[in-house]
């Protein structure tokens, strides 16, 4: 079943590339992420995102954009000696993400909204320099809501600002948690990013 799904996806992607009206290219971004529901996560984790995109017109000033991205998420905590807190913590989560985005053009500005299914590629938690093991496992699949804006810099270059929040928990609440304000119990990814898109066609 997975093989048929992959073949269907590849066939659909190739058919999009064959259309004259379709644009495609690459992008890179810097992302600042946090994990809601984690008491260790007082500071954000700085990560990167890399990927490619396909953009298809839907009508006047409207577009559909599909992306295939590698994105780093997680959270971190530094020491605070003033209150006797000498612990450090780093949660590293690496995802393969496939956003489906609707965009509306306003001349040199675009607004966007979309959904981003993702698959967890790797994860780690480090406390005071030591790798933690035996903790609450992370879910492999996640789904996020995306909200963003594009500024058209030139015919080839576009700057993007994006906010993303999980719609599903990334894992259950463990011992190091605070009560989440989400509608579901658990921990949730949140991030903001600033990226550059380069159009090949």
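The values are calculated or read from the model by the stated rules, or taken from the named source; none is laboratory data. Nothing here was measured: the structure is a model prediction, and the numbers come from that model. A quick note on method: Cβ atoms are made from the backbone with ideal geometry, for glycine too, and the neighbour counts reach across all protein chains shown.
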*Of the numbered conditions (1) more than 17 Å from the chain's Cα centre (by Cα); (2) within 19 Å of residue 169 (Cβ to Cβ), residue 134 fails exactly one; give the number of that condition.*
(2)
_Regarding region 105-128, can at least one residue be identified that is touching a strand residue (DSSP E or B) at 6+ places or on another chain (Cβ under 7 Å), modelled with pLDDT of 95 or more, in a loop (DSSP other than H, G, I, E, B) and closer than 25 Å to residue 50 by Cβ?_
no
*asked:* List pairs: first residue in region 76-99 and on the phi < 0 side of the Ramachandran plot and part of a strand (DSSP E or B), second residue at pLDDT below 80 and loosely packed, with under 11 Cβ neighbours inside 10 Å anywhere in the structure, Cβ distance under 9 angstrom, at least six positions apart or on different chains.
replied: 80/86
*Scan of region 106-132 for residues that are crowded, with 16+ Cβ neighbours inside 10 Å and within 23 Å of residue 155 (Cα to Cα), ordered by number*: 110, 112
